[in-house]
Amino acid sequence: MKKEKDVIILAHNYQIEEVQDTADFLGDSLGLSIEASKVKEKVILFCGVHFMAETAAILAPDKTVLTPDPGAGCPMADMITGKEMREWKEANPGLEAVCYVNTTAEVKAECDICCTSSNALEVVESLKGDKVLFAPDKNLAAYVARHSSKKIIPWDGYCYVHNNILPRHIQEEKRLHPAAEVWVHPECRPEVIELADKVFSTGGMVKEAQKTEKKEAIIGTEIDMITRLKRVNPAISYYPAKSNAVCSNMKKINMAKILRSLENMVFEVKVPGEIAQRAKKAIERMIAV
């Protein structure tokens with residue numbers, strides 16, 4: 001049916017195993033954004049949360065973008081609105097605003113440049129001023145600030161999945177698995193990052209799994225990242241830093257919903273033209289870095 005209807009299935013690394021199995025392309029936010037901008041198929045079926053499908057619709061305006069579940073949102077993306085971003089910039093004249101890809105199209109339209117967890121530092125360093133606004137994730141902002149020469153002014157947002165991973169979770173896993181290396185996502189709290197051996201986006205974790213000589217790793221991110229890593233290198237023993245680190249929105253997508261999407265060509269994700277045009281500039285500026 002996918003071939004017959006000229007559909008490509010893109011899926012995020014946090015999707016459940018059956019969805020990962022059916023995807024044509026698996027990746028993190030940056031990889032998925034780049035892939036969406038160059039697909040040849042007429043239809044993109046996006047297995048991820050809503051802002052990701054919006055990004056695909058912005059980058060591929062001539063394609064039909066579908067989501068299997070329009071209710072798969074992102075609480076962090078909802079922690080800032082386009083109006084709040086606009087007012088924040090007005091209150092800080094002359095400063096450029098970096099917005100995480102984990103934001104709505106309306107917010108992207110108001111910011112100067114987007115970033116993902118894999119390129120946030122490079123994006124911030126590419127800007128001319130010595131101060132930047134950074135929304136919405138305060139933990140990613142704190143991580144970038146540790147490595148950047150610029151002053152980062154963060155918005156007070158966070159990913160609940162990563163924010164709920166605490167130092168005691170890492171310490172307990174290290175006690176149980178003393179030989180394991182600790183890999184955490186930069187959306188984790190600063191005090192968790194302090195305990196990590198390495199800090200990676202989900203795409204970075206995939207690359208590390210392909211080349212590491214370590215036999216064990218403690219993974220500080222959403223639990224289905226381990227599903228993805230096992231596909232890449234099943235020889236490593238992976239332990240979740242927190243066994244119930246689950247993004248309930250990512251889990252809304254399953255094979256039954258994908259089948260319904262393919263059969264009925266639902267649910268289409270559209271971004272109003274004027275918003276899409278402005279948001280696209282911020283996303284393309286990021287991809288160019």
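The values are calculated or read from the model by the stated rules, or taken from the named source; none is laboratory data. All values derive from a computational prediction rather than experimental measurement. FYI the Cβ positions are ideal-geometry reconstructions off the backbone, even for glycines, and counts take in every protein chain you see.
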TODO: Might you check whether a residue that is outside the structural domain of residue 28 (by TED's automatic domain parsing), among the acidic types (Asp, Glu) and touching a helix residue (DSSP H, G or I) at 6+ places or on another chain (Cβ under 6 Å) occurs anywhere in the stretch 122-136?
DONE: no
TODO: Kindly indicate which of 104, 116 is crowded, with 21+ Cβ neighbours inside 10 Å, free of Cβ contacts under 8 Å to residues at least 60 places away in the same chain and not assigned by TED's automatic domain parsing to the domain that holds residue 60.
DONE: 104
Open item on the list: If I filter the stretch 224-244 for residues that are modelled with pLDDT of 95 or more, farther than 25 Å from residue 58 by Cα, acidic (Asp, Glu) and assigned to a loop (DSSP other than H, G, I, E, B), do I get at least one hit?
Closed with: no
- [ ] Those residues that are of a type in the set (D, E, K, R) and crowded, with 24+ Cβ neighbours inside 10 Å, I need them from the stretch 42-66; list them, please.
- [x] 54
- [ ] For the stretch 231-258, enumerate the residues that are free of Cβ contacts under 8 Å to residues at least 40 places away in the same chain and of a type in the set (D, E, K, R).
- [x] none
Task: From 235, 288, 256, 276, residue being under 30 Å from residue 4 (Cβ atoms), exposed (fewer than 14 other Cβ atoms within 10 Å of the Cβ) and of a type in the set (A, V, I, L, M, F, W, C) - done: 256
TODO: Could you list all residues from the stretch 205-221 that are in contact (Cβ under 8 Å) with a residue 12 or more places away in the chain and part of a helix (DSSP H, G or I)?
DONE: 205, 206, 208, 209, 210
- [ ] Pick out the one residue from 166, 133 that is in contact with a strand residue (DSSP E or B) (Cβ under 6 Å, 6 or more places away or on another chain) and of a type in the set (A, V, I, L, M, F, W, C).
- [x] 133
